[in-house]
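Student: Structure in structure tokens, see below.
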Amino acid sequence: MASFQTIRYFLPETLPLGRHLCRPRLSLPVLSHVRDITKSAKHRTDDEKTISNTTIIIQDGINIEELPSIVQIIHGEFTIFSNGKSQAGKRLEGLGLEIPQVSKKLFHNINFEEEQEIILGFMRCRRVTDIFNLLEVCPEEDVTPKVALAIIKQLFELENNVEFRNRGLNQYPEEASFTFTRGAVMKRLIEVICCAAESKYIVNALQVMGRDNFQGDKLKYLESLCTHCIVLITEGKLSVTQVCDAAKAFYNLGPIGSRYVEKVWVGITDKTNDIHEKEIYEVMSILPLVKQSRKHLYNAVEKSMSNCWYKCKCEDIIKILHILVQLRMTNSRMLPMISKWTDLNIHALKEGNLRWIVYSLMSLSYTDISIQKALSRFMKARKGKNNDPDLVSVIMDYCVKMRIRSPEVLDSAGEFFIKKASTLTVPHINSIGRAYGLLNYEPPNASSFFLTFESYVDEKFVQFPPNVMVDLLLSCVYLKRYPLNFVKKVFNPYFFDRIHTLDASDMRLTRTKLKVLDQALTLEAPNYSGPMLPKDTSANSFWRDARVMRCVNMIQPALIEIVGAEERIVPSAILPNFPGTELYVIDCVVDMAGKLTLPSFKWSNNKYALIVNLPEHYVINEDVLVGPQAMRCRHLALAGFKVVNINFEKVCQYRMYPDSLKSYLEKAMKEATIL
């Protein structure tokens, strides 16, 4: 619950003072006397219950937020409500001077069977005029809030049905007395509902107003209903669920009700202790509707969820994840709770539910040890029993994106692929097939896996987009599985024409990857009669990661001490006769024989290629390079370099300790080998 220790109130410069707050009377005049309705309405104008906007600064721990609120004008003074009590009420509390509240239980003598008969009578009406005629003969004391709500629903139902059957028909022409009668009736029915003892009628009426397609003046009765509802929320008289329903109803009313949505936070903040597992999603569902108070509401529901996350139902978890994805809340502290919940309930989750959870976590780029353990347990338990290819594909995509190299997951997916390959679609084959190469993991029964993979990729070759096909073939090369049977299909004019049908950015990227594939097969595949593509001379500059450049600058003083001369060090060296891509840019070259001149140097074993490996170059929680980086090291070694892998995080750790950094570099260079 928010702490109100430091609060400042900002009032508008001019406020309508001297107005009194009273409850509307319950008399329902006969509709034929329209003037009487107008006359009685003058005594219950909006001036009787006036609210104005203000701003409150709330301190919740170390968080200080400025949030919108309302000020209720009573007898020329303003009161701001907190926990259902006004500032004046707090001062009088305990002194015996409290003004007793007038009970709203005004209908205790109503015969509820008779009330239901009255509602059924209005339900039998088939025209709007029938409702008005029935209201003329209906005793005013029989029009209870429940009856008034039923009348409004039936009125909207008839109006909407007529408009649907007769599109463009205006049932209430402008300047017609019928239009005025309708507005007066609605205003009086809203007044009856606002006097209800149970707040559910007010919330239900607010929800029903979203169906009001009346083309005339409806601002008065809508403003009256919205004002009364927001006052009840501010006074803390609605439950958390009712506040959330009211917020959605405000939002659905468009410009008239949307200005009230930002102020419903008061009714939720004051009831933080009432937010349990059933109410968590209800509060989360209004976050997309607000902006100014979104952070405050999120913090409130987050604190509540920390105490009851293990009690949440699967449907609510999926809905909460959907909202987090919609709002792109990638740093939400709810995600660790959801991950723990998944690990706790993984044995009972249905395949479809788990698929949506994993997809949402992938969209939020979130992973931790709990979700990794849960997926490993699930795939290990379902080994050979998985029947949902969509689930396996989503899990493999998630592992690729988050670089999770789990043997249980990958082994189970490999066996699933071998057994179910005939039923898989192109996206399924792509998701499962590329994961092993990108994660640098040899699948179980590798021979059977790649024979099956080659067979179905060849069968569905024309169904694969050209960029996806090149990625698949490269993923095989990462594991030293060379797709020579596809060379004639890929390096031919027809496939090149398909590449040129892609978007400009995708086309350039696919052409570069095709050059990398050609270079990889030329260097590694003994039976490859390449290169198939001409020498690449198009790229004159390359994008470089700032972290890599910063790391090279950090290790340069230590390298100079190791090699003895600065001239022997060349940062960002570009290899000749290699594709123009960042993959083949050496972060730092050390030539122990002297200054390195790339256009004319001779290959020798005294040249070191220092590669700065960023965190994303490793699979998560392991010191294993991902597929593209492992292939990069092989190609540099085949070019005659001693490849030295430098861990970026370790360099950052040792940068304040020059001796430790020097020892780390010396050890890495001694362990470097050449093929």
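The values are calculated or read from the model by the stated rules, or taken from the named source; none is laboratory data. Just so you know, these numbers come straight off a predicted model, no measurement behind them. For neighbour counting, all protein chains shown are included, and Cβ atoms are generated from backbone atoms with ideal geometry for every residue, glycine included. Accessible surface areas use protein heavy atoms only, side chains included; no ligands, DNA or RNA. Shrake-Rupley method; radii C 1.70, N 1.55, O 1.52, S 1.80 Å.
Student: Just to be sure before I move on: is Arg182 among the charged types (D, E, K, R), in a loop (DSSP other than H, G, I, E, B) and at pLDDT 55 or above in the structure I sent? Talk me through it step by step, then tell me what you get.
Tutor: Numbers: among the charged types (D, E, K, R): yes; in a loop (DSSP other than H, G, I, E, B): no; at pLDDT 55 or above: yes.
No: the conditions fail for Arg182.
Student: Any residue in the stretch 564-582 that is of a type in the set (Gly, Ala, Ser) sitting within a Cβ distance under 9 Å of a residue that is open to solvent by 60 Å² or more (accessible area, probe 1.4 Å)? List the pairs, counting only those 6 or more apart or interchain.
Tutor: Gly564/Met592; Ala565/Lys595; Ser572/Met549; Gly580/Thr537; Gly580/Ser538; Gly580/Asn540; Gly580/Ile574
Student: Could you check the stretch 451-479 and list, in sequence order, the residues that are within 14 Å of Gly433 (Cα to Cα) and open to solvent by 80 Å² or more (accessible area, probe 1.4 Å)?
Tutor: Correct list: Leu451 only.
Student: Of the conditions (1) closer than 14 Å to Pro427 by Cβ; (2) within 21 Å of the chain's Cα centre (by Cα), Pro389 satisfies every one except a single condition; which number is it?
Tutor: The one condition Pro389 does not meet is (2).
Student: Within the stretch 400-422, is there a residue that is open to solvent by 50 Å² or more (accessible area, probe 1.4 Å) and polar (S, T, N, Q)?
Tutor: yes
Student: Would you confirm whether any residue within the stretch 614-633 is modelled with pLDDT under 95 and more than 30 Å from Leu410 (Cα to Cα)?
Tutor: no
Student: Select from the stretch 324-378 the residues that are open to solvent by 60 Å² or more (accessible area, probe 1.4 Å) and over 29 Å from Ser293 (Cα atoms) and list them in ascending order.
Tutor: Restricting attention to the stretch 324-378, the residues satisfying the condition of being open to solvent by 60 Å² or more (accessible area, probe 1.4 Å) are 326, 328, 330-331, 333, 340, 344, 347-348, 350, 356, 359, 365, 369, 373, 377.
Correct list: Leu344, His347, Ala348, Lys350, Ile369, Lys373, Arg377.
Student: Name the residues in the stretch 199-215 that are open to solvent by less than 30 Å² (accessible area, probe 1.4 Å), farther than 16 Å from Val231 by Cβ and either touching a helix residue (DSSP H, G or I) at 6+ places or on another chain (Cβ under 6 Å) or part of a loop (DSSP other than H, G, I, E, B) (or both), would you?
Tutor: Residues of the stretch 199-215 open to solvent by less than 30 Å² (accessible area, probe 1.4 Å): 199, 202-203, 205-206, 208-209, 212, 214.
Among the residues that remain, those that are also farther than 16 Å from Val231 by Cβ are: 208-209, 212, 214.
Answer for the stretch 199-215, where residues must be open to solvent by less than 30 Å² (accessible area, probe 1.4 Å), farther than 16 Å from Val231 by Cβ and either touching a helix residue (DSSP H, G or I) at 6+ places or on another chain (Cβ under 6 Å) or part of a loop (DSSP other than H, G, I, E, B) (or both): Val208, Asp212, Phe214.
Student: Next up: Out of (1) within 30 Å of Ile57 (Cβ to Cβ); (2) in a helix (DSSP H, G or I), the odd one out for Ile317 is which?
Tutor: Here Ile317 clears every test but (1).
Student: Filter the stretch 567-596 for residues that are aliphatic (A, V, I, L, M) and open to solvent by 20 Å² or more (accessible area, probe 1.4 Å); which is modelled with the lowest pLDDT?
Tutor: Taking the stretch 567-596 and keeping what is aliphatic (A, V, I, L, M), we get 569-570, 573-575, 583, 585-586, 589-590, 592-593, 596.
From what is left, the residues that are open to solvent by 20 Å² or more (accessible area, probe 1.4 Å) are 570, 574, 583, 592-593.
Numbers: Val570: 89, Ile574: 85, Leu583: 91, Met592: 77, Ala593: 72.
Residue satisfying both the conditions and the ranking: Ala593.
Student: Taking the stretch 329-352 on its own, how many of its residues are under 27 Å from Leu297 (Cβ atoms) and touching a helix residue (DSSP H, G or I) at 6+ places or on another chain (Cβ under 9 Å)? Explain how you work it out, then say what you get.
Tutor: Taking the stretch 329-352 as the starting set, the residues that turn out to be under 27 Å from Leu297 (Cβ atoms) are 329-342, 344-345.
Going one step further and asking which of them are touching a helix residue (DSSP H, G or I) at 6+ places or on another chain (Cβ under 9 Å), we end up with 329-330, 332-342, 344-345.
Total meeting the criteria: 15.
Student: Sticking with this one: Taking into account only those residues within the stretch 379-395 that are surrounded by 14 or more Cβ atoms within 10 Å (Cβ to Cβ) and aliphatic (A, V, I, L, M), which is nearest to Asn353 (Cα to Cα)?
Tutor: Leu391
Student: Do you know which residues across the stretch 126-160 are open to solvent by less than 60 Å² (accessible area, probe 1.4 Å) and β-branched (Val, Ile, Thr)?
Tutor: Our first condition is that a residue be open to solvent by less than 60 Å² (accessible area, probe 1.4 Å); within the stretch 126-160, this holds for 128-132, 134-135, 138-139, 142-145, 147-152, 154-156, 158-160.
Listed by number, the residues that qualify are Val128, Thr129, Ile131, Val143, Thr144, Val147, Ile151, Ile152.
Student: Okay, next question. Mind checking which helices (runs of 4 or more DSSP H) fall wholly inside the stretch 615-675 and carry at least 3 residues that are within 23 Å of Thr522 (Cα to Cα)? Steps first, answer last, please.
Tutor: Working: elements: 627-638, 648-654, 658-671.
Fully inside the stretch 615-675 and qualifying: 627-638.
Student: How many residues does the stretch 265-308 contain that are at pLDDT 90 or above and in contact with a Gly (Cβ under 6 Å, 6 or more places away or on another chain)?
Tutor: Selection size over the stretch 265-308: 0.
Student: Taking Pro599 and the conditions (1) modelled with pLDDT of 90 or more; (2) in a helix (DSSP H, G or I), which numbered condition does it fall short on, given that it satisfies the others?
Tutor: Against the list (1) modelled with pLDDT of 90 or more; (2) in a helix (DSSP H, G or I), Pro599 comes up short only on (1).
Student: Can you name every residue in the stretch 347-364 that is assigned to a loop (DSSP other than H, G, I, E, B) and at pLDDT 95 or above?
Tutor: Step one: of the stretch 347-364, the residues assigned to a loop (DSSP other than H, G, I, E, B) are 347-350, 364.
Selection gives Leu364 alone.
Student: Another question, if that's okay. Only one of Asp518, Asp536 is in contact with a Lys or Arg (Cβ under 6 Å, 6 or more places away or on another chain), under 22 Å from Asn577 (Cα atoms) and surrounded by 15 or more Cβ atoms within 10 Å (Cβ to Cβ). Can you tell me which? Working first, answer last.
Tutor: Numbers: Asp518 fails: in contact with a Lys or Arg (Cβ under 6 Å, 6 or more places away or on another chain).
That would be Asp536, the only listed residue that is in contact with a Lys or Arg (Cβ under 6 Å, 6 or more places away or on another chain), under 22 Å from Asn577 (Cα atoms) and surrounded by 15 or more Cβ atoms within 10 Å (Cβ to Cβ).
Student: Quick check: anything in the stretch 243-258 closer than 20 Å to Leu155 by Cβ, without any contact (Cβ under 8 Å) to a residue 40 or more places away in the chain, more than 30 Å from the chain's Cα centre (by Cα) and part of a helix (DSSP H, G or I)?
Tutor: no
Student: Please verify whether Val392 is in contact with a His (Cβ under 9 Å, 6 or more places away or on another chain) and hydrophobic (A, V, I, L, M, F, W, C), treating the condition exactly as stated.
Tutor: Numbers: in contact with a His (Cβ under 9 Å, 6 or more places away or on another chain): yes; hydrophobic (A, V, I, L, M, F, W, C): yes.
When the stated conditions are applied, Val392 passes them.
Student: So which of Glu65, Glu113, Glu98 is modelled with pLDDT under 85 and in a helix (DSSP H, G or I)?
Tutor: Glu113
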